[in-house]
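The block underneath contains the structure these notes are about, expressed in C-alpha cells.
The values are calculated or read from the model by the stated rules, or taken from the named source; none is laboratory data. What you see is a predicted model, and the numbers here were worked out from it, not measured in a lab. Counting neighbours? That spans all protein chains shown, and the Cβs are built from the backbone with ideal geometry, glycine included.
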Amino acid sequence: MITILKAEDRGLTETEWLRSWHSFSFGEYFDPERMGFRTLRVLNDDRVDPGKGFPMHGHRDMEIVSYVAIGEMEHKDSLGNGSVIRPGEVQRISAGTGVQHGEWNPSKTEQLHLVQIWIVPSARGGEPSYEQQTFDLDEARRSWVVLAAPVGGVVTIQQDAVVAVTIVTAGDRRALEFSPGRFGYLFVVRGVVKLHGNELAAGDAAVIEEETRLEFESISEAEVLAFDLT
C-alpha cells in the first residue's frame with residue numbers, strides 16, 4: 001500500500017529568516033494524526049537565510065541526522081565540535097542524556113536548504129556523541145547511498161533504521177526493496193518523480209506499507225531520501 005502525502009499539507013514555521021516545513025508535529029505545529037511514522041519522528045525541510053540560524057538549544061534521547069541539499073550549515077555543540085556541513089556530507093548527533101548545539105547559515109549570499117531528520121533511538125540515555133562524514137555524490141547519482149544505519153551507513157545510528165539518498169536525472173529509474181515486515185517512507189527533496197503512477201514533487205512524500213519492491217522514474221533531476229523502518 002502506498003499513501004501519498006502532499007507538500008502543501010505539511011506544517012509551516014515561518015519567520016523573517018526561516019521557512020521550515022514539518023512533515024510531522026513539531027514546535028507549534030501539532031497534528032495528532034502526524035506524530036511521526038514508525039521510528040521516524042521528525043522530518044523538517046528548512047530554508048535558512050544567509051547569516052541566520054538556530055541559537056544554542058538542547059536535545060536528548062534522539063538520533064538527529066542533518067542533510068544539506070544546498071548551501072552550507074555551520075555547527076557548534078556542547079561536546080566541543082565545530083564544523084561546516086556541505087552537500088556530500090552528513091551529520092549525526094546521538095543526543096543521549098543531553099546535548100546543546102547551534103546551527104546556522106554562514107554564507108553572506110546563499111540560502112541554506114537543510115533537511116533535519118530525527119529518529120527515536122532503540123534505548124534512552126547513553127553518552128551523547130557526534131559524527132560527520134563525507135559520501136560520494138557521484139555514487140548517489142548512480143545508485144542509493146546509505147547515509148545512516150546501525151551498520152554499514154556513512155554515519156551510525158542507534159536504531160534499526162536506514163536512511164538513504166539518491167540523485168536521478170530525467171528518465172532515470174530507481175528501485176526500492178524492503179524485507180517483509182518493514183516499512184518505507186520516501187521524501188522528495190527537490191525535483192519531480194513518478195512512483196507507481198503518482199507524481200511526487202519537492203516536499204511530497206510516500207508512506208510505504210506491505211510492499212517489498214517499488215520503482216520510481218524521474219521526471220526531472222531529483223534528489224530523493226528513502227527510509228527503511230521497523
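What residue, among those in the stretch 192-230 that are outside any strand (DSSP E or B) and among the small types (Gly, Ala, Ser), is farthest from Arg34 (Cα to Cα)? The qualifying residue farthest from Arg34 (Cα to Cα) is Ser220.
Say we look at the stretch 21-59 and pick out the residues that are in contact (Cβ under 8 Å) with a residue 60 or more places away in the chain and either assigned to a loop (DSSP other than H, G, I, E, B) or among the hydroxyl-bearing types (Ser, Thr, Tyr) (or both); which of these is surrounded by the most Cβ atoms within 10 Å (Cβ to Cβ)? Checking each candidate, the answer is Ser23. Just one of the numbered conditions (1) touching a residue at least 24 places away in the same chain (Cβ under 8 Å); (2) within 24 Å of Gly71 (Cβ to Cβ); (3) part of a loop (DSSP other than H, G, I, E, B) is not true of Pro121: (2).
Restricting to the stretch 175-213, name every residue that is charged (D, E, K, R) and crowded, with 19+ Cβ neighbours inside 10 Å. If you could, list the steps in order and put the result at the bottom.
The initial filter retains those residues of the stretch 175-213 that are charged (D, E, K, R), namely 177, 182, 190, 194, 199, 204, 209-211, 213.
Within the stretch 175-213, Arg182, Asp204 qualify.
Taking (1) more than 28 Å from Gly82 (Cβ to Cβ); (2) surrounded by 15 or more Cβ atoms within 10 Å (Cβ to Cβ) in turn, Ala170 satisfies each apart from (2).
Scan the stretch 76-98 for residues that are modelled with pLDDT under 95 and among the hydrophobic types (A, V, I, L, M, F, W, C) and the total you get is 1.
What about Leu79, is it outside the structural domain of Tyr185 (by TED's automatic domain parsing) and farther than 27 Å from Ser25 by Cα?
Values: outside the structural domain of Tyr185 (by TED's automatic domain parsing): yes; farther than 27 Å from Ser25 by Cα: yes.
So Leu79 fits the description; yes.
For the structure I just gave you, tell me whether Gly152 is under 30 Å from Gly125 (Cα atoms), surrounded by fewer than 18 Cβ atoms within 10 Å (Cβ to Cβ) and free of Cβ contacts under 8 Å to residues at least 40 places away in the same chain. Please lay out each step first, then the result.
On the way: under 30 Å from Gly125 (Cα atoms): yes; surrounded by fewer than 18 Cβ atoms within 10 Å (Cβ to Cβ): yes; free of Cβ contacts under 8 Å to residues at least 40 places away in the same chain: yes.
For Gly152, the condition - under 30 Å from Gly125 (Cα atoms), surrounded by fewer than 18 Cβ atoms within 10 Å (Cβ to Cβ) and free of Cβ contacts under 8 Å to residues at least 40 places away in the same chain - is met.
Restricting attention to the stretch 64-110, the residues that are polar (S, T, N, Q) and buried (at least 16 other Cβ atoms within 10 Å of the Cβ) add up to 6.
I'd like the full set of residues that are touching a strand residue (DSSP E or B) at 6+ places or on another chain (Cβ under 8 Å) and surrounded by fewer than 19 Cβ atoms within 10 Å (Cβ to Cβ), limited to the stretch 131-140. Break it down into steps so the answer makes sense when it comes.
Narrowing the stretch 131-140 to residues touching a strand residue (DSSP E or B) at 6+ places or on another chain (Cβ under 8 Å): 131-137, 139-140.
Hits for the stretch 131-140 are Glu131, Gln132, Gln133, Thr134, Phe135, Asp136, Leu137, Glu139.
When you check Tyr185 against the structure, is it assigned to a strand (DSSP E or B), in the same structural domain as Gln100 (by TED's automatic domain parsing) and touching a residue at least 12 places away in the same chain (Cβ under 8 Å), yes or no? Here the answer is no, as Tyr185 does not meet what is asked.
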